[in-house]
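Coordinate-derived values only; no laboratory data. What you see is a predicted model, and the numbers here were worked out from it, not measured in a lab. Cβ coordinates were reconstructed from backbone atoms using ideal geometry, including for glycine residues, and neighbour counts include every protein chain displayed.
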Ligand SMILES: C[S@@+](CC[C@H](N)C(=O)[O-])C[C@H]1O[C@@H](n2cnc3c(N)ncnc32)[C@H](O)[C@@H]1O
C-alpha cells in the first residue's frame, strides 16, 4: 500500500508511480530519451507527499534514487510505444487507441494528432488519482475498471475504429488464463484490431529464477508484496496458437534500440534469452 495524500494506492497500481518517476527523471536528464513534461509536473506535485510517506518506495521515488538502467528501459519503452501509436495514426488519423493499464502515463498528450480518439483504462483507484492531473475531453476518455471486467468494451460500442490496444507493463501482473480470455474477447469484439503488449519470459517465473526476479522487484525495487509477475510467454508466437485469426506482426526489446544511453547493454540484443527477458509483441487480431 502506498499513501499519496488522500489516495491510498495498492501494490500493483503503485508500479505506475515507478514508471511515472522514470519518465520524469529521464525527461530532466541530458539528451533525454523521452520528453514527458506532464510526468515532470506530476512528480513535482507528488514529491512532497511521497517524501514524507512511511513507505520506502514512496521515499525512494521522491528522492530520485531509481536504478539508472530501469529509468532508461522504461523511457525507451514509452518512446517506442509512442512510435507505435504515431505509426497507427499515420495510417488511421481518426483511429481509436485504448491504453490498457495506463497508470499516470500521458501518452495522449504526447501523440495527439488532433483527431485520435483515446481511452485510458486502469483500475478505479488509479483513474481517481489520474483525474487530479488530467482532464477528459471529447476525444480523451477514462475507463475506471479492471481490464478483466469485460463490460468496459461496451464503452467503445458505436465507434467505427480501427482500434489499437496497448498494454505497456501490464499483462505480467495478470493470471495467464485471464490474459488469454481478454485477448480472445478483444479479437471477437473488435475484429481487425491491433494489440501491442509487453510480456515477460515464463522462464523467469519458475524457481529458482523466480527468486531472483522477486528479489529484484521487492528487495531492490521496494515494490509491495502483491506486485508480482503472474504470467509469461516462452516466445512471441505463443498467442497465435490461441486462435487462427491472431497473427504476429512484430516484436521489440529494449536492447534493440541504438540508444547510446544503453551503453554496453546493447550487446544483449545478440543474446536471445536476455533480449527476451521482458519484451513487446505486436499482433493483428482478425
Ligand atoms: C507498471 S504500471 C504501467 C503503467 C503504464 N502503462 C506505464 O507504462 O507507465 C501497471 C499498470 O497496470 C495497471 N493494472 C494492473 N492490473 C490491472 C487490471 N486488472 N485492470 C486494469 N489495469 C490494471 C496498474 O494499475 C498500473 O497502472
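Look at the alpha carbon pairs under 8 Å that are at least 6 residues apart: their mean separation over the length of the chain gives a relative contact order of 17 percent.
Just the number, please: percent antiparallel of the DSSP beta bridges in the range 71-285, rounded to the nearest 5. If you can, show how the numbers build up before the last one.
Values: 14 of 34 bridges.
For the range 71-285, the DSSP antiparallel bridge percentage is about 40.
Label sites at residue 230 and residue 271, each approximated as a point 7 angstrom past Cα along Cα to Cβ, lie 3.2 nm apart. Relative to the current alpha-carbon distance between residue 45 and residue 87, full extension at 0.36 nm per residue lengthens the span by 11.9 nm. Centre-to-centre separation between the Cα atoms of the range 246-281 and those of the range 183-224: 16 Å. Between the C-alpha center of the range 128-168 and that of the range 35-64 there is a gap of 26 Å.
Compute the whole-percent fraction of alpha carbon pairs in the chain spaced more than 32 Å apart. For the chain, the share of Cα pairs beyond 32 Å comes to 20 percent.
By the count of other C-beta atoms within 10 Å, a proxy for reagent exposure, 215, 204 are ordered fewest to most as 215, 204.
Each 5 Å bin from zero holds the following percent of Cα-Cα pairs in the range 171-286: 2, 11, 18, 20, 19, 15, 10, 5, 1. With both labels modelled 7 Å from their Cα along Cα-to-Cβ, the residue 135 to residue 258 distance reads 4.1 nm.
Normalised by the number of residues in the range 14-143, the mean separation of alpha-carbon contacts (under 8 Å, six or more apart) gives a relative contact order of 21 percent.
In the chain, helices alone account for a calculated mean residue ellipticity at 222 nm of -10500 deg cm²/dmol, with every DSSP H run of four or more residues adding -39,500 (n - 2.57).
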